1. Test each condition in (1) assigned to a strand (DSSP E or B); (2) facing chain B (nearest Cβ under 9 Å); (3) closer than 29 Å to B:GLY126 by Cβ for A:GLY322 and report the one that comes out false.
2. Can you tell me which residues in the range B:142-175 are within 20 Å of A:ARG84 (Cα to Cα) and more than 24 Å from the chain's Cα centre (by Cα)?
3. For the range A:61-71, give me each residue that is closer than 12 Å to A:PRO182 by Cβ and aliphatic (A, V, I, L, M).
4. Please specify each residue of the range A:205-221 satisfying the condition of being among the β-branched types (Val, Ile, Thr) and at the interface with another protein chain (Cβ under 7 Å from one of its Cβ atoms).
5. Looking only at strands (runs of 3 or more DSSP E) that fall completely inside the range A:149-221, which ones have 2 or more residues that are in contact with a His (Cβ under 9 Å, 6 or more places away or on another chain)?
6. Output the number of residues of the range A:112-145 satisfying the condition of being closer than 24 Å to B:ILE269 by Cβ, of a type in the set (A, V, I, L, M, F, W, C) and more than 8 Å from chain B (Cβ to nearest Cβ).
7. Working only within the range B:143-160, note down all residues that are facing chain A (nearest Cβ under 9 Å) and either crowded, with 23+ Cβ neighbours inside 10 Å or in contact with a Phe, Trp or Tyr (Cβ under 6 Å, 6 or more places away or on another chain) (or both).
8. Please tell me if B:LEU178 is within 19 Å of the chain's Cα centre (by Cα) and either under 30 Å from B:PHE141 (Cα atoms) or not in a loop (DSSP other than H, G, I, E, B) (or both).
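The values are calculated or read from the model by the stated rules, or taken from the named source; none is laboratory data. A quick note: this is a predicted structure, and the numbers were derived from the prediction, not measured. Using ideal geometry, Cβ is built from the backbone for each residue, glycine included, and neighbour counts are taken over all protein chains shown.
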Amino acid sequence: MIEVNRKGEVWVFAEQEAGKLSDVPLELLGKGRELADTLNVPLAAVLLGKGIDDLASRLVAYGADKVYVVDHRSLDLYQAATYRKVFCDLVTRHKPQVVLFGATAMGRDFAPTVASALRCGLTADCTDLQIGEHTAPGSTQVHQGLLLQIRPAFGGSIIATIVNFDRWPQMATVREGVMVMPTPDAHRQGQVLRERVGLDGYEPPLKILEIHRREKKVDLKGARVIVAGGAGVGTKDNFKLIWELANCLGGAVGCSRAAVDLGFADKDHQIGQTGTTVRPVLYIAAGISGAVQHRAGMEESAKILAINSDPNAPIFSFAHYGIVGDLKMVIPKMIKAIRTGAKVESLATAAPARV
Amino acid sequence: MGYDCVVCAKQVPDTKNITGQAMKDDGTVNRAALPAVFNPEDLHALETALDIRDRFGGTVTVITMGLPKACQVLRDALYRGADRAILITDRRAAGSDTLATSYILSTAIRKLAPDIVLCGRQAIDGDTAQTGPQIAEKLDFTLISYLEELQALEDQTIRVKRNVGNGWEVVEARLPVLLTVMNTANTPRPSGAKRIMRFKKAKAPAEVAGEVAAQMPQAGKPEQAAETKNRCDALAAKGLLIDQWDLSTIEADLAWCGLAGSPTKVHRIQAIVLAGGQYRQFQPTDESVGELVGELIRDHTIG
């Protein structure tokens with residue numbers, strides 16, 4: 001734990017693997033830039049690894065004023081204990097006021113151990129971050145310029161805003177895609193600072209024997225159209241309809257968490273607070289009730305079409321178009337209408353046809 | 001020989017089953033209508049521990065922190081094969097965030113001096129996945145998160161396949177370790193019929209005290225306390241008294257527990273109220289669906 005330090009920087013943990021930066025730290029630099037400007041302090045990225053020098057300029061281009069680099073052979077492969085030791089040394093040395101991590105597999109392994117070692121707070125899976133003030137109940141003291149950590153909680157029935165006013169740094173994790181990726185500026189200037197940390201004679205506790213990585217099969221963030229299915233799809237077999245409609249529209253397949261839990265679709269397809277956040281031109285939600293966690297991952301879509309047999313499903317409260325009906329009937333009708341695309345226009349304007 | 005395992009279990013509201021009936025008229029969730037369940041991934045952690053005991057010998061102790069009603073998950077663990085169950089309950093622990101919770105649990109676990117601690121990867125009520133890694137840090141146990149397969153355990157060394165989302169790794173570490181277990185790791189064994197018969201009456205002292213207070217409302221405090229003690233002694237004689245620890249038992253520093261020990265504070269809670277939507281409704285007919293698709297094509301949303 002460090003003291004409250006109003007001059008402290010805003011930090012982003014620059015997660016990288018095998019010399020490749022993840023998207024989340026770049027997205028976080030966009031949000032971090034905004035927070036740092038509001039607080040009038042520098043924005044810094046913290047880059048740990050081995051042979052990673054060339055990544056620093058990229059972090060500057062995405063908005064970092066400073067990049068703290070620790071290049072050491074013990075940091076080549078990520079493991080919580082080693083990274084924690086180095087990261088906590090840097091926090092104690094530079095006393096940042098805000099530290100942001102991506103809520104990736106690595107970030108969710110790493111950030112809690114940092115919070116535990118520093119005895120500070122950590123809010124998981126924030127869907128928004130702002131700067132604001134807080135007055136504790138029963139107190140008149142106003143804490144200004146705090147990080148407001150906003151996230152759905154309790155099954156999505158509430159939105160909680162969390163603060164952390166006495167034991168700093170204020171730390172939060174954010175899922176991939178939640179913050180908008182900033183446009184890089186290759187001409188931005190920033191400082192690259194090489195940091196020394198005591199790792200001599202240190203023995204990492206974990207032996208990493210094998211590493212297997214697969215490319216993400218699904219590009220949800222880049223998709224123009226997403227067709228997503230939820231528990232209401234009913235069976236894995238029915239879920240093929242979601243694929244058919246997506247293929248027909250040249251779109252990607254998404255799903256709710258319930259659909260992952262039921263085995264209808266792979267976790268890579270999950271959209272929402274604990275999945276991917278998307279902003280497509282068209283989002284078709286079929287058999288998705290629209291719990292807040294799901295909503296958090298798709299409500300910024302330009303157009304939302306909900307197909308649900310329950311007219312009271314929450315999804316209709318924020319959809320632009322709605323069809324109350326059985327998706328097993330509706331989706332084939334949509335596919336038919338799209339395939340006959342050109343004819344559709346005349347059909348829509350013609351006199352009522354057969355039903 | 002064998003390995004002593006401690007499994008951390010949590011009783012959680014069943015947030016997966018928020019249905020229409022669980023919504024109040026004002027559109028917010030009626031928490032009381034949600035059943036409390038064994039956190040799903042904690043069942044997989046328990047299964048991993050039971051599997052280790054079955055293959056290599058040792059013991060499985062399940063601990064939970066919460067109100068006395070959390071004993072339901074402890075009984076469930078006993079039905080499935082746990083050797084010992086411990087309830088950690090204390091008013092002074094109320095309001096603990098993940099940091100304070102991991103402090104309290106790690107202090108309790110230290111008293112048990114296990115070789116392996118197992119947690120579910122995350123709990124469905126908060127999805128934070130923080131408490132396991134934080135317990136590991138506090139105990140200085142090596143953290144191995146996202147266990148999908150226990151590949152080997154010999155000579156105080158464990159080898160594990162972990163699922164990191166975009167792939168997998170095989171890692172090895174010396175004991176003691178803390179494992180967080182994925183729901184893809186195994187299939188939790190069901191409760192054993194004989195074990196249900198044997199442990200269905202197992203209770204913690206706080207539950208017995210609650211029962212006595214309800215059955216003898218007229219009795220004075222000393223009388224109730226004496227009756228509670230009698231009943232607890234009788235349960236203990238049959239091996240059915242669930243251990244109950246408080247913050248004093250585990251010698252926790254109160255500065256790190258409960259609200260005082262929690263750096264994160266709630267600034268604001270907004271209930272989600274479902275308002276009526278302003279969406280344009282189309283009918284599930286060929287004609288109406290065709291009209292919608294036509295409109296989306298005309299405004300270049302699709303096509």
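1. Of everything listed in (1) assigned to a strand (DSSP E or B); (2) facing chain B (nearest Cβ under 9 Å); (3) closer than 29 Å to B:GLY126 by Cβ, A:GLY322 misses just condition (3).
2. Restricting attention to the range B:142-175, the residues satisfying the condition of being within 20 Å of A:ARG84 (Cα to Cα) are B:142-146, B:162, B:164, B:169, B:171-175.
B:GLU169, B:VAL171, B:GLU172, B:ALA173, B:ARG174, listed by residue number.
3. Our first condition is that a residue be closer than 12 Å to A:PRO182 by Cβ; within the range A:61-71, this holds for A:61-64.
If the condition is that a residue be closer than 12 Å to A:PRO182 by Cβ and aliphatic (A, V, I, L, M), then A:ALA61, A:ALA64 are the ones that fit.
4. The initial filter retains those residues of the range A:205-221 that are among the β-branched types (Val, Ile, Thr), namely A:208, A:211, A:218.
Selection gives A:ILE208, A:ILE211.
5. Working: elements: A:158-163, A:170-174, A:191-194, A:207-213.
Filter on the range A:149-221 gives A:158-163.
6. Filtering the range A:112-145 down to residues closer than 24 Å to B:ILE269 by Cβ leaves A:112, A:115, A:120-145.
Next, from what is left, pick out any that are of a type in the set (A, V, I, L, M, F, W, C): A:115, A:120, A:122, A:124, A:126, A:129, A:131, A:136, A:142.
Cutting the leftovers down to more than 8 Å from chain B (Cβ to nearest Cβ) gives us A:126, A:129, A:131, A:142.
Of the residues in the range A:112-145, 4 are closer than 24 Å to B:ILE269 by Cβ, of a type in the set (A, V, I, L, M, F, W, C) and more than 8 Å from chain B (Cβ to nearest Cβ).
7. Once the filter is applied, which keeps residues that are facing chain A (nearest Cβ under 9 Å) and either crowded, with 23+ Cβ neighbours inside 10 Å or in contact with a Phe, Trp or Tyr (Cβ under 6 Å, 6 or more places away or on another chain) (or both), the range B:143-160 yields B:LEU143, B:ILE144, B:SER145, B:TYR146.
8. Working: within 19 Å of the chain's Cα centre (by Cα): yes; either under 30 Å from B:PHE141 (Cα atoms) or not in a loop (DSSP other than H, G, I, E, B) (or both): yes.
So B:LEU178 passes the test.
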